[in-house]
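The values are calculated or read from the model by the stated rules, or taken from the named source; none is laboratory data. What you see is a predicted model; the values in this text were computed from it and never measured. Positions of Cβ are backbone-derived with ideal geometry, glycine not excepted, and every protein chain shown enters the neighbour counts. Ligands, DNA and RNA are excluded from the accessible area calculation, which covers all protein heavy atoms including side chains. Shrake-Rupley method; radii C 1.70, N 1.55, O 1.52, S 1.80 Å.
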Amino acid sequence: MMDKLLAFWNDRAPREKTALGSLGVLVLLAITYLVLLEPAILGIERQQKNLPQTRAQVAQLGSLLAEVKTLKGQPQVATVSAVEARSALDKSLAASGLKAARVVPLSDGDLQITFSNVPFAAWSLWLAQIERELGARAISVNANSNGTPGQVDVELALRLARR
């Protein structure tokens, strides 16, 4: 194969050799551009377009980290006894304007609370508040629409923080 190429090359006139050499250099430059340079240039352009979004994400992460540090510095939620928790629960319900249809203590100290026809927005804010203030955790929640817009019937199993 190499002999055939060499014979082909030697049969060419000097002017043809110059033209073929120049064409070979142009083909090599085109391949180099298409394989190496163009993907790099396109990648740089794509990264430059994404840079503002990436910077915004970095700023958001920074603010979230600052919030985490602030929250870590806050004191832990105080645990309360079962009697104190029940009293605090009743006070928080009253302060939120909610009334539980039924509150049943469970054998492990958890509470089963039933609400009838309560505003979902007020109920969910109340739940977040007692989780934050009393260290309570919702074990299970079953909320059903009762046909009135924004109103729900809720069954909630609540685990109070243990002392």
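Of the candidates VAL77, VAL83, VAL103, the single residue that is within 22 Å of LEU158 (Cα to Cα), at pLDDT below 90 and open to solvent by 70 Å² or more (accessible area, probe 1.4 Å) is VAL83. Residue pairs whose Cβ atoms lie under 9 Å apart, sitting 6 or more positions apart in sequence or on different chains, and linking a residue in region 113-138 that is under 14 Å from VAL103 (Cβ atoms) and open to solvent by 40 Å² or more (accessible area, probe 1.4 Å) to a partner that is basic (Lys, Arg) and not in a helix (DSSP H, G or I), are SER116/LYS99; SER116/ARG102. Before we move on, is LEU71 at pLDDT below 90, assigned to a helix (DSSP H, G or I) and open to solvent by less than 60 Å² (accessible area, probe 1.4 Å)? Against the criterion (at pLDDT below 90, assigned to a helix (DSSP H, G or I) and open to solvent by less than 60 Å² (accessible area, probe 1.4 Å)), LEU71 does not qualify. Remark: pairs (first residue in region 53-71, at negative phi; second residue open to solvent by 90 Å² or more (accessible area, probe 1.4 Å); Cβ separation under 9 Å; 6+ apart in sequence or on different chains) = THR54/GLN47. Looking for something under 38 Å from the mean Cα position of the chain (by Cα) and either modelled with pLDDT under 90 or open to solvent by 100 Å² or more (accessible area, probe 1.4 Å) (or both) - is there at least one such residue anywhere in region 23-40? So far as region 23-40 goes, yes, one or more of its residues are under 38 Å from the mean Cα position of the chain (by Cα) and either modelled with pLDDT under 90 or open to solvent by 100 Å² or more (accessible area, probe 1.4 Å) (or both). When you check LEU89 against the structure, is it modelled with pLDDT under 85, surrounded by 10 or more Cβ atoms within 10 Å (Cβ to Cβ) and assigned to a helix (DSSP H, G or I), yes or no? It is true that LEU89 is modelled with pLDDT under 85, surrounded by 10 or more Cβ atoms within 10 Å (Cβ to Cβ) and assigned to a helix (DSSP H, G or I).
For region 142-163, give me each residue that is surrounded by 14 or more Cβ atoms within 10 Å (Cβ to Cβ) and not in a loop (DSSP other than H, G, I, E, B). Once the filter is applied, which keeps residues that are surrounded by 14 or more Cβ atoms within 10 Å (Cβ to Cβ) and not in a loop (DSSP other than H, G, I, E, B), region 142-163 yields ALA143, GLN151, VAL152, ASP153, VAL154, GLU155, LEU156, ALA157, LEU158, ARG159. Taking LEU5 as the residue in question, decide whether it is touching a residue at least 40 places away in the same chain (Cβ under 8 Å) and in a helix (DSSP H, G or I). Criteria not met by LEU5.
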